[in-house]
Amino acid sequence: MTAIPLGMPAQPPAMLAERRSSREIKVGNVAVGGDAAISVQSMTTTLTANVDATLQQIAQLTAAGCQIVRVAVPSQDDADALPLIASKSAIPVVADIHFQPKYVFAAIDAGCAGVRVNPGNIKKFDDKIGAIARAAAAAGVPVRIGVNAGSLDARLLAKHGRATPEALVESALWECSLFEEHGFSDLKISVKHHDPVVMITAYRLLAEACDYPLHLGVTEAGPAFQGTIKSAAAFGALLSQGIGDTLRVSLSAPPVEEVKVGIQILESLGLRQRGLEIVSCPSCGRAQVDVYTLAEQVTAGLEGLSVPLRVAVMGCVVNGPGEAREADLGVASGNGKGQIFVRGEVVRTVPETQIVETLIDEAMRLAHEMGSEQPGACGAPVVEVR
């Protein structure tokens with residue numbers, strides 16, 4: 001009887017839904033919309049005027065996988081810092097503008113890859129759109145119309161009574177129409193709300209009403225745990241319907257954490273090639289090993305792995321062998337020992353005290369094999385073992 005090889009499929013999973021058709025824009029060297037991959041963004045928390053601190057944080061975000069970074073520009077000092085930041089950043093820099101239209105022009109002149117404007121906060125913004133459109137078009141700089149529930153135009157609040165999905169969408173489309181009157185369509189849109197249900201509804205309405213690329217976000221999502229849950233629920237609902245071209249997870253946490261969550265959401269939905277994935281059981285009364293500690297130690301030991309690898313860390317005989325067999329690498333633990341599986345086959349049985357070390361060794365070996373199979377690979381990936 002011919003053995004059937006198990007393990008992870010070579011091809012990525014099928015899309016949950018056909019991607020919404022949208023026009024493509026370029027934010028620096030990053031394509032957004034069209035057939036481009038969904039990009040992950042974040043925003044610096046430093047004073048933009050502090051160039052060294054801002055560039056250091058941008059470097060950290062870049063290392064974490066951030067593809068576009070936004071910086072706040074509330075003052076002239078911040079605007080003056082933009083030329084150096086934009087020129088030194090390894091990823092496209094978008095200037096975030098509120099209240100003062102003059103900083104839009106400063107950002108364009110500074111060489112920023114994009115500008116985000118909040119029409120609800122900029123005084124007499126509509127009167128400046130013609131000049132902004134001309135300057136942005138001349139420089140090839142796209143504009144994001146960033147509508148937020150907390151700063152919705154007073155006229156729309158009066159009309160709708162509150163920041164409803166319809167009010168958010170009306171604000172965004174109104175501003176887009178003004179740019180279109182001046183022949184400028186290099187736009188993307190966001191309509192953010194702290195309530196995922198309102199946010200989802202708004203983006204669904206927007207997706208039906210236009211073909212501009214959409215920047216997804218749950219604004220003021222909250223601390224790390226709550227914000228992650230809100231963002232994952234909202235993004236999952238929209239991305240599973242093909243809605244969304246770029247995203248930012250807004251957390252009351254270091255911005256690198258936003259990037260990690262955003263990447264993980266995309267990987268979980270099959271919208272980005274997965275990296276390291278740890279499959280581990282939640283533990284129960286059947287567990288015969290300390291699954292929590294094993295999973296934490298394996299995760300720490302494989303931090304920095306640069307190839308896609310699913311590792312199963314299982315603690316009992318019910319689901320353990322099956323999950324370990326279907327992963328690239330896994331262990332089914334019990335009675336003080338663990339069976340080590342590699343691509344569906346048991347390769348050895350080791351004492352519990354050697355499980356973590358053995359998994360890390362096997363992962364290093366697999367990573368080297370997988371890395372050498374990739375075009376342009378140079379040696380084994382770097383794995384930090386703690």
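The values are calculated or read from the model by the stated rules, or taken from the named source; none is laboratory data. Quick caveat: nothing in here was measured; it's all calculated off a predicted structure. A quick note on method: Cβ atoms are made from the backbone with ideal geometry, for glycine too, and the neighbour counts reach across all protein chains shown. When the accessible area is computed, the model is the full protein with side chains, heavy atoms only, and any ligands, DNA or RNA have been set aside. Shrake-Rupley method; radii C 1.70, N 1.55, O 1.52, S 1.80 Å.
How many residues are in a helix (DSSP H, G or I) and buried (at least 16 other Cβ atoms within 10 Å of the Cβ) if we restrict to the range 140-150?
In the first step, residues of the range 140-150 are kept if they are in a helix (DSSP H, G or I); the result is 149-150.
Checking the rest, the ones that are also buried (at least 16 other Cβ atoms within 10 Å of the Cβ) come to 149.
Total satisfying the criteria: 1.
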Return the pairs, sorted by first residue and then second, in which the second residue is hydroxyl-bearing (Ser, Thr, Tyr) and crowded, with 17+ Cβ neighbours inside 10 Å, the first residue lies in the range 233-244 and is on the phi > 0 side of the Ramachandran plot, the beta carbons are less than 9 Å apart, and the residues are 6+ apart or on different chains.
-> GLY244/TYR203
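In the range 152-170, what residues are in a helix (DSSP H, G or I), of a type outside the set (A, V, I, L, M, F, W, C) and crowded, with 16+ Cβ neighbours inside 10 Å? Break it down stepwise before answering.
Here is the first cut: in the range 152-170, the ones in a helix (DSSP H, G or I) are 154-160, 165-170.
Of the ones still in play, those that are also of a type outside the set (A, V, I, L, M, F, W, C) are 155, 159-160, 165-166, 170.
Selection gives HIS160, PRO165, GLU170.
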Options ALA36, ALA49, ALA31: the member that is part of a strand (DSSP E or B), open to solvent by 10 Å² or more (accessible area, probe 1.4 Å), at pLDDT 95 or above and not charged (D, E, K, R) | ALA31
What number of residues within the range 80-107 satisfy the criterion of being farther than 17 Å from ILE58 by Cβ and surrounded by 22 or more Cβ atoms within 10 Å (Cβ to Cβ)?
-> 3
Give the residues of the range 230-258 that are more than 11 Å from LEU214 (Cα to Cα), part of a loop (DSSP other than H, G, I, E, B) and of a type in the set (Val, Ile, Thr), sorted by residue number.
-> VAL249
Count of residues meeting criterion [farther than 21 Å from ALA63 by Cβ and open to solvent by 30 Å² or more (accessible area, probe 1.4 Å)] in the range 234-261 = 3
Looking at GLY183, GLY111, which one is surrounded by fewer than 16 Cβ atoms within 10 Å (Cβ to Cβ) and either in contact (Cβ under 8 Å) with a residue 24 or more places away in the chain or touching a Lys or Arg at 6+ places or on another chain (Cβ under 6 Å) (or both)?
-> GLY183
Could you give every pair whose Cβ atoms fall below 7 Å, whose first residue belongs to the range 343-370 and is small (Gly, Ala, Ser), and whose second residue is surrounded by fewer than 13 Cβ atoms within 10 Å (Cβ to Cβ), counting only separations of at least 6 or pairs across chains?
-> GLY344/PRO5
What about ILE132, is it surrounded by 20 or more Cβ atoms within 10 Å (Cβ to Cβ) and not in a helix (DSSP H, G or I)?
-> no
Would you pick out the residues in the range 262-285 that are over 21 Å from ASP328 (Cβ atoms), within 8 Å of the chain's Cα centre (by Cα) and either surrounded by fewer than 20 Cβ atoms within 10 Å (Cβ to Cβ) or modelled with pLDDT under 90 (or both)?
-> none
